[in-house]
Structures are given as structure tokens and as C-alpha cells.
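Throughout, read-outs are computed from the coordinates displayed, never taken from laboratory work. Everything quoted here is computed from the prediction, not taken from an experiment. Note: ideal-geometry Cβ built from the backbone for every residue, glycine included; neighbour counts use all protein chains shown.
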Amino acid sequence: MRVNETFLSLQGEGHFTGTPAFFLRFAGCNLECPFCDTNHQTYHEMSEEEIVEEASRYKPRHIVITGGEPALQLTQSLVDKLHEAGFFIQVETNGTMPLPERIDWVTCSPKGTPVLKDVDELKVLFKGDGTDLSIADHIQAKEYRLQPLDTGNEEQNRIILRATIAYVLEHPRWSLSLQTHKMLGIK
């Protein structure tokens, strides 16, 4: 499997914010989003057994599988091996490809045309006025989150954050998701 990186950190976004987790970032993506803030191109090869062995070196039994787009490589056999090793599996996906079964928590940040119709957490990047949120009418989720888009420009980010907060206050179906790992200066 093409693995971009593995690391131990705190989940910085969404439902599990603050949860200690082992992160498995797969290389590659099926989309090229201009706002992507992740360098996921480089990789080294790891077998499923090596991934489970690496993750098992750490105390947390929460694993976040992300990318790029993890559905390009995630297999049912890796999901099963991680469960056998006692892991709670969270996947962060763009929703454009099917996922293996028995994933414990699916966070979908839709881009492109999603094929997933039922997820645990729908996380939409909010750019302010004009952000199309109609995707929430087509994907069933337990939780709906708006995350202010990080433009790399502090002033623009403040404007987007204020607009996101204002939208959430007027539309309580949504809650605010912040990238706390960036605020804390951790991975």
C-alpha cells in the first residue's frame, strides 16, 4: 500500500476533536482540489501487516485513515486486521468512491460527485456566501459540520470564520468544525 505518512497526534477536527489517534495517510487522490492543504503525493510502500504493526506500537486504539483519498487503497482485509488488533476505525473521505464495510465512523467532506449516501459525519468546507450546501439534502448523516475554508490569508480566514459562525447560528442543523490541530501547532 502507498503510505504518505503515519503519526501519532490528536484528532483536530469534527466529532472526535481532541481524541488521541494514530493517523494513517494514504498517498494519492482521485481529485485535484485547488484548496487542498495536504501534501499527499510522496509515499513509501507498506504491507497491511506492517501498517497494523506500526499502529499497534502506540497506546491509542483510535485510527484515522485519511489521504488524499483513502478509498483508493483501503481494503476490507486491512479494516478487518485493524479491528482484530482492537482499533476503532475512522475514515476521512471525499465520498466519491465506495468504502469497505464495518468502518466505525465515516467523515465525508464531499468534493466532486459523492457516491456515499449515508455517513456518520458530513463536513462541508465553508467559503462564505455562495457556498452550496445542497449536498446535505443528498447525504444522510448523524452530524452536519461546517468548516471554514483555510485560504492561507489571515484576513480572508477571519472573514470566512465570521460568515461560518453567522450561518451556523441561523441554521442549527450545522455545527462549527475548526482545525484545532493548526491552532495548536501540531500535525
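Using the alpha carbons alone, the radius of gyration of the stretch 14-117 stands to its Kirkwood radius in an Rg to Rh ratio of 0.94. Counting Lys +1, Arg +1, Asp -1, Glu -1, what net charge surrounds Val64 among other residues with beta carbon under 10 Å of its beta carbon? Around Val64, the charge tally is -1. Per residue of the chain, the DSSP helices (runs of n ≥ 4 H) give a summed -39500 (n - 2.57) that works out to -6500 deg cm²/dmol at 222 nm. Here's the picture: charge each Lys and Arg Cβ at +1 and each Asp and Glu Cβ at -1 in the stretch 2-184, and of Ile103, Val3, Ile135 the one pushed furthest to the positive end of that dipole is Ile135.
Note on Thr19 and Lys117: with the Förster distance fixed at 22 Å, the Cβ-Cβ geometry gives a FRET efficiency of about 0.25. Show log10 I(q)/I(0) for the stretch 2-184 at q = 0.11, 0.13, 0.15, 0.16 Å⁻¹, two decimals, from a solvent-free Debye sum over equal Cα scatterers. Relative scattering, expressed as log10 I(q)/I(0), comes to -0.47, -0.66, -0.89, -1.01.
For Lys142, the shell of other residues with beta-carbons less than 9 Å away shows a net charge of -3, using +1 for Lys and Arg and -1 for Asp and Glu. Tilt of helix 154-170 relative to the longest C-alpha principal axis of the chain, in degrees (0 to 90, nearest 10)? With both axes taken from Cα atoms, the answer is about 80 degrees.
Between Glu32 and Lys59, the simple spin-label model (points 7 angstrom out along Cα→Cβ) gives 4.4 nm. Among Arg102, Arg145, Arg25, the largest mean-square fluctuation in a Gaussian network model of the chain (Cα springs under 10 Å) belongs to Arg102.
Dividing the C-alpha radius of gyration of the stretch 63-158 by 2.2 N^0.38 Å, with N its residue count, gives 1.18. Legend: residue pairs Lys59/Lys127; Lys127/Lys187; Lys59/Lys117; Lys81/Lys111; Lys111/Lys142, Cα-Cα distance threshold 26 Å; pairs beyond threshold, Lys59/Lys127; Lys59/Lys117; Lys81/Lys111. Fewest neighbouring Cβ atoms within 10 Å first, the residues Lys59, Lys111, Lys117 line up as Lys59, Lys117, Lys111. Extension gain for Leu178 to Arg162 (0.36 nm times residue separation, less C-alpha to C-alpha distance): 4.5 nm. Along the chain, counting only GluC sites (Glu not before Pro) with a DSSP assignment other than H, G, I, E or B and at most 15 other Cβ atoms inside a 10 Å radius, the longest segment between sites is 102-187.
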